[in-house]
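Values quoted throughout were computed directly from the atomic coordinates according to the rules given, and no laboratory measurement underlies them. Just so it is clear, the structure is predicted and the values come from calculations on it, not from any experiment. Positions of Cβ are generated from backbone atoms using ideal geometry, with glycine treated the same way; all protein chains shown enter the neighbour counts.
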Amino acid sequence: MTTATVTGKTDEPVVGTRNYLTEGGVTLRSWLLTRDHKRIAILYTLSITLFFFVGGAAATLIRLNLVTPPGIFTPDVYNRLFTLHGIVMVWFFLIPSIPNTMGNFLIPLMIGAKDLAFPRLNLLSWYLYMAAGLLALFAIVIGGVDTGWTFYTPFSSMYSNGYVVLALAAVFTAGFSSILTGLNFIVTTHRMRAPGMTWYRLPVFVWSNYATSIIMVLATPVLAITLALVAVERLLQVGIFDPALGGDPLLFQHLFWFYSHPAVYIMILPGFGVISEVVPCFARKPLFGYKFVVWSSITISVIGFFVWAHHMFVAGISLYAGLVFSLLSYVIAVPSAIKVFNWTATLHKGWISFDAPMLYALGFIGLFTIGGLTGLFLANLAFDVHVTDTYFVVAHFHYIMVGGMVSAYFAGLHYWWPKVTGRLYHEWWARIAALLIFFGFNLTFFPQFILGYLGMQRRYFSYAPEFQLWNIFSSAGASVLAVGYVLPFFYLGWSLFRGQRAGANPWAATGLEWQTSSPPPTHNFDRTPTVTRPPYQYRPEPEPQDV
Amino acid sequence: MSDARREPWPDPSPEPQYATMAQQAEAASFGMWVFLATEVLFFGGMLLAYAWARGSFPAGFAEAGRHTKIFIGSVNTVVLLTSSFTMAWAVNAAEHGRRRPTAWLLAATALLALLFLALKGVEYHQEWTEHLVPGLNFREEGPNAHAVELFYFLYFMLTGIHGIHVTIGIGLIAVTMVRAWRGAFSERYYTPVEVTGLYWHFVDIVWIFLYPLIYLVGRSGP
Amino acid sequence: MKSPSPKGLPRALLLTWVALLALLAATLALAYVPMSGPLNVAVALGISAGKALLVLAVFMKLFRASALTRAAAAAGLFWLGILFALAATDYLTRTVEPAGELSAPTGRNLPAEGR
Ligand SMILES: [Cu+2]
């Protein structure tokens, strides 16, 4: 096995004396009022880490409950746990995970800009996110919500006990945080590129976040208004979703999934972007089929809106609509498959090294492929009837969201850690964590495919005794996974203080972000760079880049 | 208007992230257009709900539509269309560096917007006294009572959220007006006036569609 | 646009305002004319679209805007179209079972927040 880790330029200027962490002061005030996209990215990273552990704690309790058929929690507590897990993980971790941390940090660096187009809006976005997050935590602490993250009416608007309106307000606010980020990214990508940075010279990571932003800007408002309607319906007992009032509950589902299916792509597209950066770097080859990868992202951001009612096949939509949405759901698999083929083709005859970011990236490709293929099962009308609301669905979307997105998040976190912090982490610990996460994940979620196929329903606190064996496997896997997720906390934290200084470009990677010092200065580049080459000019043997 | 150019402020320099004022202006106006695309979908969710409800209860919607205050609604449409006109005029004045006219036209726009809200308030008050407010004091008899309630639910949601947009618009226009009065803008820099204008015209467009969907329903019927 | 009369009121804006008020009068009058089927709605929304187009083109200067700006404006409408068109695949083809007596007991308790 070859490691490219130490082949970077260690003889470079070690650490800029001027960098964004110290420039402009180190007071709390200088952080809370910052307009620097890199500092805001750090604020986001800290906050989403907090929410990741909150959501993870709920997941741990859920798996603990499911070790035995009767479980340890009352149904009511269990309902609140999975609702908490869903709301926190979707809106407070997955949606902002890569865009608001790495996207925020890297997009200006990658396009050669000094900052995002609207730095104040960027900071406002973080404050909205925090307000939303605190509101959600407050709702949880004072009693919680039992609707599931989907807030289906009329349960949420009429029957549910709990602080539904507070939770709705939290998600509504988080939505506007996400809209502001998307708007900022779109304008930045169009208007802030350095001279010579043409569209086809943009790294795929920027393209992916651009595609993500389109969805954020055009889908999120529909969610916001829908949740507002639910809140009013609940408060005033009048509305359009409750059949007893003459309303249509399917209208809620249409509006909700008009956002929430594309939101799946908000969660996964930035992951595609990370993988497209990591794979060429550690295979020392240009990304295969750059334009196909780029345009498949844009395609996804459009036809991702065409498939939403596949969540409603058994809910009472017309058979004709079912056919249309089933066919369209097959179509969306094509651009995703194109990406997988391009990554594997990039690996072909590559000079591959298995550093931690690459381990995560390879894990991503495998797990995302399984998640995607089982998605095709669910797009099939007949099969969907069999597995709707079973653990098959749970396993499917966790392969995308956790196996895919969280792996991509960790791939990116490790890949850009030296750039963000100026320090190197302990490579072997990182590899161990990557492997633990991969195996722990599969042990947790593969049994759930089987359970779902056998008919175990999701969202129940209890289950039939014959399902216990697979549930024990799953819970055991969750413990491994938990260790894998906690480990980085320690070795990354250690690296902050004791880690070796990283040069500007420890991976010998291409891309503008590696051409400035680590950590970068506040205004990113000493002189606005001029771009003359397409991205990913990797050669089989790592060699120093000319700066 | 001889005062218009007496003491021109020095041209402001762009914010640090931009290379030129032109880049900053382009980013601001494009940003507003993207935001307006968001807004289209924000209202779009309610419009789909409206389409569904009206398609499901045509008779009830016709009955409810005839309860609406068409006189106030039509006058308010004139008010808002006119405010859009004064806004466009203000942008035009700003383009030509005419400071005081810009400020006066913005003031006219804001006053028209306040008039719109005042008339809306009168209308809401009448609806309250007629027990047409769902969830609070709705009282309606007859076979279409449920549909009428749905109509008024959507009516209050749509006009309420539109009204919030009008209120935000008044704030934006007022701030821009003060800046214009103080001479913050010139032919070379009037981006805030332009961006505020875009927002205000959008608020007008939303009303252009709400008007027939609320006030003109069922007017040709019995 | 540097309008022809830099000191006064640009003519295009004035004409647009007059046209908008005329269209408003037309839509108001036509609303009282009985037409068959959904024609009343179609006419009203058609006139609204015309008014909106005037505001977009003249007041918001979309006619002379860059392709990018026009794309942003079109995007909102296009995605709104997706929402309506695909929701219609369900609503226009769904057989609605009668909901029955709406006052039948539903087991509902009026929820109070946080009970
Ligand atoms: Cu989906």
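Taking 2.2 N^0.38 Å as the expected size of a compact globular protein, what ratio does the Cα radius of gyration of the protein assembly as shown give against it, to two decimals?
Numbers: Rg = 28.4 Å, N = 884, 2.2 N^0.38 = 29.0 Å.
Compared with the compact-globule rule of thumb, the protein assembly as shown sits at 0.98.
Per-residue Cβ counts within 10 Å, from other chains only, averaged over A:322-334: what number is that?
Values: counts 3, 2, 4, 3, 0, 0, 2, 0, 0, 0, 0, 0, 0.
Taking the mean over all residues of the peptide, I get 1.
Two decimals is fine: what's Rg over Rh for region C:1-59, C-alpha atoms, Kirkwood radius as Rh? Before the final figure, lay out each step's value.
On the way: Rg = 14.9 Å, Rh = 12.9 Å.
Result: Rg/Rh = 1.15.
Distances between every pair of Cα atoms in region B:26-174, grouped in 10 Å steps from 0 to the bin holding the largest one, split as 10, 31, 32, 18, 8, 1, 0 percent. Taking θ as phi - 60° and the Karplus parameters 6.51, -1.76 and 1.60, the scalar couplings of region B:201-210 work out to 5, 5, 4, 5, 4, 4, 5, 4, 7, 5 Hz in sequence order, x denoting glycine and proline. Per-residue 3J(HN,Hα) values for region B:130-146, derived from phi via the Karplus relation 6.51 cos²θ - 1.76 cosθ + 1.60 with θ = phi - 60°, read 8, 6, 10, 9, x, x, 10, 8, 5, 9, 8, 9, x, x, 9, 3, 4 Hz in sequence order (x marks Gly and Pro). Among the listed pairs A:285/A:419; A:38/A:285; A:349/A:419, those whose Cα-Cα separation exceeds 26 Å are A:38/A:285; A:349/A:419.
Residue by residue along B:78-89, Cβ atoms of other protein chains within 10 Å of the local Cβ number 5 on average.
When A:336, A:157 are arranged by Cβ crowding within 10 Å, least crowded first, meaning fewest neighbours, the order is A:336, A:157. Converting phi to 3J(HN,Hα) with the Karplus coefficients 6.51, -1.76 and 1.60 and the offset θ = phi - 60°, region A:426-433 yields 7, 4, 5, 4, 5, 5, 4, 4 Hz in sequence order, with x at every glycine or proline. Separation of region A:316-359 and region C:8-82, taken as the distance between their Cα centroids, equals 42 angstrom. Ellipticity at 222 nm from helices only: DSSP H runs of n ≥ 4 in the protein assembly as shown, each -39500 (n - 2.57), divided by the residue count, give -22000 deg cm²/dmol. The Cα center of region A:101-128 and the Cα center of region A:197-243 differ in position by 19 Å.
Less than 5 angstrom separates the built amide H of residue A:390 from those of A:458, all sequence-distant by 5 or more or on a different chain. Cα centroid separation, region B:183-219 to region B:76-145: 11 Å.
How much FRET efficiency would the formula 1/(1 + (r/R0)^6) give for residue A:155 and residue A:348, where r is the Cβ-Cβ distance and R0 is 45 Å, rounded to 0.05?
Details: r = 50 Å, r/R0 = 1.12.
Working from the Cβ atoms, E equals 0.35.
Hey, fewest Cβ within 10 Å first, where do A:160, A:518 land in order? Write down the numbers at each step before the final one.
Numbers: A:160 23, A:518 27.
The order, fewest Cβ neighbours first, is A:160, A:518.
Rounded to the nearest 10 degrees, the angle from helix B:70-95 to the longest Cα principal axis of chain B is 10 degrees. Tally Lys/Arg at +1 and Asp/Glu at -1 over every other residue whose Cβ is under 13 Å from the Cβ of residue C:58; what's the total? Once all neighbours under 13 Å are counted, the net charge is +3.
Remark: mean inter-chain Cβ contacts per residue of A:257-266 equal 1, using a 10 Å Cβ-Cβ cutoff to other protein chain atoms.
Residues with beta-carbon under 14 Å from that of residue A:325, excluding residue A:325: net charge, scoring Lys, Arg +1 and Asp, Glu -1?
Values: positive: C:94; negative: A:384, C:90.
Summing Lys and Arg as +1 and Asp and Glu as -1 gives -1.
Residues of region A:413-453 with an amide N closer than 16 Å to a point placed 7 Å from the Cα of residue A:46 along the Cα-to-Cβ direction: A:421. All other residues whose Cβ lies under 11 angstrom from that of residue A:411 are scored, Lys and Arg at +1 and Asp and Glu at -1, for a net of -2.
Working from Cα pairs under 8 Å separated by at least six residues, relative contact order for chain B is 36 percent. Pairwise Cα separations in region A:381-533 fall into 5 Å bins from 0 onward with the following percentages, short to long: 2, 9, 14, 15, 13, 11, 9, 8, 7, 6, 5, 2, 0, 0.
Between residue C:64 and residue C:39, the FRET efficiency from the beta-carbon distance, with R0 = 41 Å, is close to 0.70. Its relative contact order, with pairs defined as Cα atoms under 8 Å and 6+ residues apart, puts chain A at 22 percent.
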